[in-house]
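Each remark here refers to the structure printed beneath this line.
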Amino acid sequence: MNRDIACIGAGYIGGPTMAVIALKNPDRRVMVVDISKERIDAWNSDQLPVYEPGLDEVVRACRGKNLFFSTDVAAAIRACDTIFVGVNTPTKTFGEGAGYASDLQYWEAAARTIAAEANGDKIVVEKSTLPVRTADAMAAVLHTHPEHTFTVLSNPEFLAEGSAIEDLLHPDRVLIGGPETKTGKAAVRALVEIYATWVPRRRILTTDVWSSELSKLAANAMLAQRISSMNAFSALCEATGADVDEVAEVLGMDRRIGPHFLKAGPGFGGSCFRKDVLNLVYLCRTYGLKACAEYWEGVIRMNEEQQRRIVERTVRALFNTLSGKRLVLFGFAFKANTGDTRETPALAVARLLLEERASLVVTDPRALPNARQDLAGTPVIFEEDPYAAAQGADAILLMTEWSCYRELDWARIYSLMRKPALVFDTRNILDHALLRRLGFRVLAVGRA
Amino acid sequence: MNRNIACIGAGYIGGPTMAVIAQKNPDRKVMVVDLSQERIDAWNSDDLPIYEPGLDEVVRSCRGKNLFFSTDVAAAIRACDIIFVGVNTPTKTFGKGAGYASDLQFWEAAARTISQEANGDKIIVEKSTLPIRTADAMATVLHTHPEHTFTVLSNPEFLAEGSAINDLLNPDRVLIGGPTDARGQEAVQALVDLYAAWVPRERIITTNVWSSEMSKLAANAMLAQRISSVNAFSALCEATGADIDEVTAVLGMDHRIGRYFLKAGPGFGGSCFKKDVLNLVYLCRSYGLDEAADYWESVVTMNDVQQRRIVERMVKALFNTLAGKRIALFGFAFKANTGDTRETPALTVAHLLNEEHAEIVVTDPKALRNAAKDLAGLDRITLEPDPYKAAEGCDAIVIMTEWACYKDLDWKRLYASMRKPALLFDTRNLLDGRALKQLGFNVLAVGKSL
């Protein structure tokens, strides 16, 4: 076997992961391929298609040396004996399992291409988040070409957008699932070697394939659940006079709970949480586990409820009608430091506000191009400058925790707005006492 | 104000907490009072009414010096200016909110007694787990005697049974909620001083009263939820061939999730988790937050499902009938190192097995006394302290509690004494399933196929 590495799919996961693998394995050639010419051109330009702190530097350090981006999928499959598959597996929008199951068409196409083009034995590494037992299905597709041996490993990626490079360089754990056979174990060892160049060996966990596949879904489901739980508490805090941030602080000091992912807000977003939880729901249903399916579906329902509550509270605070009022969303990305708007709570809130016939303005330091696509066909106004956005507005809804919003001249913003001026800080990041002194009416999450 | 401390209620919380406070504050007099003469006599005897590792030593070192147990509630209220209230607040079994809300009758009686007997200003400390805004209600009851000032603080206890003394000596945090006015802050400071005798100041958190009341419910709800989530995964692992212990090992290495409370098993038990979650459900409903109520209720539902699944899998493994079969439950306490059986999963499993007309033998190193009470009135139940005798002639053994001693049993001997085929269902994933399989057992575990 040669030491070269291919990755099919040059998206949010494939790109940064391969860049770091190339950086840490200078003796290996790493080829990232994708059928999208536009995407590959971007990876070969100065304007990478993914924004991540530190990514530019890593790519610049390796590109053209041992890291290559190309559209020639077949050549990469032939040249490399280890092939990562990191294609998109969005939630199905049609047919059986629509709205829950993963759409595996890109993934199956990749498997078929590997089988058709392979010129020898290959290790195939699942990097996309996939339903449990997908490795089995992949093996079945691959074995339509039985002249070569394909060993399918599961190696789910745990990076978080916005800190992808940091997460890749210092992972909590690298998880590798492989068959319990001799070939399987050899393949697992080969993959361990790639990561062991920079990850301490005790952080590299090896399991069977199914446990590995399930672990990724499980981790995201538990993280999403923490957020939904805090949001459920936030509703009760608003009703009783407790303060959700005080509650979160107490919870975080309990070592059995831990301090992370306890921030109440507008609900979780991003490409993974919702998709993975729905996937889990679908899996449970498939296996006849109705109570489990409903249990996990509750995490999604609570998230949607949180966005509905934000709009309900806004309507109430604005005298029960939004019709014709100018409302501004500060932030549209699903979290700060990214332009990614997939499953962003801001989109759900924007749609609900539009239903109330609000006149809507959206501003965001990075996400406006995506926001324009997401809201295409609506009368929403997009505005780069937050001050211009606030001009004549009745209310500002702070949707993304961009730190730049903390440094705005809020006195100036107040003077630009129609009175009474409302700020709804759905991230609890602003100085509410100061805003009130300036004259704002302030709503927050989880505070009366 | 004097520095003496009273505690009304000598139960699982009041007793150990006051013992540690007395030990760490040798200059203060601590009086624990309760209406139950039997309970107080037990605290004054060599056979304390609750079992906790280390408790005997602490009580022995202070009792009669600065720690006193008595039934004279009125005297304690008059003698002490700081009064903890740690009475029982079980889930209501009657009337509005039955099955969800807390029954506050003992707590209200305590408040009324304080207000009648008080001879000066008092700081009242809520120690029982109570619904949010109970402090408000307590203040109202107390102010029926307006000649004295009562300041009500919330100071929820986070100790876990089985490690109460250690949790009290080294708490993750001590939480004190108080009114934000000057008098409230002064009372908070008085309580901070009490704990600062041994708890590092940065671990003592002060909040408003409502946040403090809410935090206890929230913490227990989140912990119970972790268990329900892992149990939901265990069902999927059984269906797909994944291994729950491998999955939880991966989850535990994620620093955002953490490694605690990730053990799949027969579901959570104990006096707090279910009660607190149901309390939260009730609170959400009373404020019209139906989505939030359903969300938390599903944590309890998943727990019930896990126990039903255990019995369903047993029925399947024992050829679809349990009628007349003899099944030994190894362990009845809701967890190891305690005799406490409140809300124990073993009781639910026993009831479900009984519905299937199985003959049940229960063994447990500490909980048989409670088991006898819990199971009174059920037919076909035997209690047997000796696990070897319990297993004799049985079709199945179900490990219900993770007692370490079960690991050291002579499983070969147990196997020999059972009817064949012999089933072992390890609902705690405590034993070496593969080794037991080799001995001849059919083995079931939670969240894995063996």
Item checked: Pair list, Cβ under 8 Å, 6 or more apart: the stretch B:346-371 residue among the hydroxyl-bearing types (Ser, Thr, Tyr), other residue in a strand (DSSP E or B) -> B:363/B:328; B:363/B:329; B:363/B:330; B:363/B:383
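Here's the yes/no breakdown for (1) modelled with pLDDT of 95 or more; (2) open to solvent by 40 Å² or more (accessible area, probe 1.4 Å); (3) on the phi > 0 side of the Ramachandran plot:
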site: A:37; (1), (2), (3): yes, yes, no
site: A:63; (1), (2), (3): yes, yes, no
site: A:67; (1), (2), (3): yes, no, no
site: A:94; (1), (2), (3): no, yes, no
Notebook entry, point to check: When the residues of the stretch A:158-175 are filtered to those that are of a type outside the set (Gly, Ala, Ser), farther than 15 Å from residue B:255 by Cβ and crowded, with 23+ Cβ neighbours inside 10 Å, which remaining residue is nearest to the chain's Cα centre (by Cα)?
Noted result: A:161
Checklist line | Candidates A:273, A:332 - the one that is more than 11 Å from chain B (Cβ to nearest Cβ) and in contact with a strand residue (DSSP E or B) (Cβ under 7 Å, 6 or more places away or on another chain) | finding: A:332
Margin query: Any residue at all in the stretch A:427-447 that's of a type outside the set (Ser, Thr, Tyr), surrounded by 21 or more Cβ atoms within 10 Å (Cβ to Cβ) and under 13 Å from residue A:329 (Cβ atoms)?
Written below: yes
Notebook entry, point to check: Is it fair to say residue A:71 is at negative phi, modelled with pLDDT of 95 or more, of a type in the set (Ser, Thr, Tyr) and open to solvent by 20 Å² or more (accessible area, probe 1.4 Å)?
Noted result: yes
Note to self: Here's a check for you: in the stretch B:261-273, which residue that is farther than 16 Å from residue B:159 by Cα and either more than 14 Å from chain A (Cβ to nearest Cβ) or of a type outside the set (A, V, I, L, M, F, W, C) (or both) is most open to solvent (accessible area, probe 1.4 Å)?
What the structure shows: B:263
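For every residue, the table says whether it meets (1) under 21 Å from the mean Cα position of the chain (by Cα); (2) within 21 Å of residue B:272 (Cα to Cα); (3) crowded, with 19+ Cβ neighbours inside 10 Å.
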site	(1), (2), (3)
B:318	no, no, yes
B:329	yes, no, yes
B:332	yes, yes, yes
B:340	yes, yes, yes
B:347	yes, yes, yes
B:367	yes, yes, yes
B:386	no, no, no
B:389	no, no, no
Notebook entry, point to check: Looking at (1) under 25 Å from the mean Cα position of the chain (by Cα); (2) of a type in the set (D, E, K, R); (3) open to solvent by 50 Å² or more (accessible area, probe 1.4 Å), which is the one condition that is false for residue B:103?
Noted result: (3)
Checklist line | Count of residues meeting criterion [exposed (fewer than 14 other Cβ atoms within 10 Å of the Cβ) and either assigned to a helix (DSSP H, G or I) or modelled with pLDDT of 80 or more (or both)] in the stretch B:144-154 | finding: 1
Check: Across the stretch A:241-257, which residue is farthest from residue B:230 (Cα to Cα) among those that are facing chain B (nearest Cβ under 7 Å) and open to solvent by 10 Å² or more (accessible area, probe 1.4 Å)?
Finding: A:241
Checklist line | Considering residues of the stretch B:211-244 that are more than 30 Å from residue B:157 (Cα to Cα) and polar (S, T, N, Q) only, the residue surrounded by the fewest Cβ atoms within 10 Å (Cβ to Cβ) | finding: B:240
Notebook entry, point to check: Within the bounds of the stretch A:180-203, is there any residue that is under 25 Å from residue A:308 (Cβ atoms) and either crowded, with 18+ Cβ neighbours inside 10 Å or at pLDDT 95 or above (or both)?
Noted result: no
Check: Of the residues B:186, B:202, which single one is more than 25 Å from the chain's Cα centre (by Cα), over 20 Å from residue B:149 (Cα atoms) and surrounded by fewer than 18 Cβ atoms within 10 Å (Cβ to Cβ)?
Finding: B:202
Margin query: Tally up the residues in the stretch A:267-277 that are assigned to a helix (DSSP H, G or I) and open to solvent by less than 10 Å² (accessible area, probe 1.4 Å), please.
Written below: 2
Note to self: I'd like to verify a number: residues in the stretch B:39-82 that are without any contact (Cβ under 8 Å) to a residue 60 or more places away in the chain, assigned to a loop (DSSP other than H, G, I, E, B) and either open to solvent by 40 Å² or more (accessible area, probe 1.4 Å) or more than 22 Å from residue B:160 (Cα to Cα) (or both), how many?
What the structure shows: 10
Next item on the list: Pick out the one residue from A:312, A:294, A:305 that is at the interface with another protein chain (Cβ under 9 Å from one of its Cβ atoms), under 27 Å from residue A:376 (Cα atoms) and not in a loop (DSSP other than H, G, I, E, B).
Entry: A:305
Checklist line | Matching residues in the stretch B:274-314 - criterion: being at pLDDT 95 or above, open to solvent by less than 60 Å² (accessible area, probe 1.4 Å) and among the acidic types (Asp, Glu) | finding: B:291, B:297, B:304
Notebook entry, point to check: Looking at (1) over 16 Å from residue B:212 (Cβ atoms); (2) part of a loop (DSSP other than H, G, I, E, B); (3) among the polar types (S, T, N, Q), which is the only condition residue B:116 fails?
Noted result: (2)
Item checked: Subset of the stretch B:161-183 that is open to solvent by 40 Å² or more (accessible area, probe 1.4 Å) and aliphatic (A, V, I, L, M) - its residue that is farthest from the other protein chains (Cβ to nearest Cβ) -> B:182
Item checked: From the options B:283, B:278, residue that is within 7 Å of another protein chain (Cβ to nearest Cβ) and part of a helix (DSSP H, G or I) -> B:283
Checklist line | helices (runs of 4 or more DSSP H) wholly inside the stretch A:142-240 containing at least 2 residues that are away from chain B (no Cβ under 11 Å), out of contact with any Ser or Thr (no Cβ under 9 Å at 6 or more places or on another chain) and more than 19 Å from residue B:242 (Cβ to Cβ) | finding: A:164-169, A:182-196
Next item on the list: Could you check how many residues of the stretch B:274-301 are in contact (Cβ under 8 Å) with a residue 24 or more places away in the chain and farther than 19 Å from residue B:98 by Cβ?
Entry: 2
Next item on the list: Return a yes/no flag: does the stretch A:398-407 have any residue that is closer than 25 Å to residue A:248 by Cα, without any contact (Cβ under 8 Å) to a residue 40 or more places away in the chain, crowded, with 19+ Cβ neighbours inside 10 Å and in contact with an Asp or Glu (Cβ under 9 Å, 6 or more places away or on another chain).
Entry: no
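Every residue, every condition in (1) touching a Gly at 6+ places or on another chain (Cβ under 9 Å); (2) under 28 Å from residue B:89 (Cβ atoms); (3) at pLDDT below 95, yes or no:
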residue: B:326; (1), (2), (3): yes, no, no
residue: B:334; (1), (2), (3): yes, yes, no
residue: B:337; (1), (2), (3): yes, yes, yes
residue: B:363; (1), (2), (3): yes, no, no
residue: B:373; (1), (2), (3): no, yes, no
residue: B:387; (1), (2), (3): no, no, no
residue: B:395; (1), (2), (3): no, no, no
residue: B:410; (1), (2), (3): no, no, no
Note to self: Exactly one of these conditions fails for residue A:364: (1) touching a strand residue (DSSP E or B) at 6+ places or on another chain (Cβ under 7 Å); (2) buried (at least 21 other Cβ atoms within 10 Å of the Cβ); (3) not basic (Lys, Arg). Give me its number.
What the structure shows: (1)
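The values are calculated or read from the model by the stated rules, or taken from the named source; none is laboratory data. Fair warning: this is a prediction, and the values are worked out from it, not measured in the lab. All Cβ positions, glycine included, derive from the backbone under ideal geometry; neighbour counts span all protein chains shown. Only protein heavy atoms, including side chains, enter the accessible area calculation; ligands, DNA and RNA are left aside. Shrake-Rupley method; radii C 1.70, N 1.55, O 1.52, S 1.80 Å.
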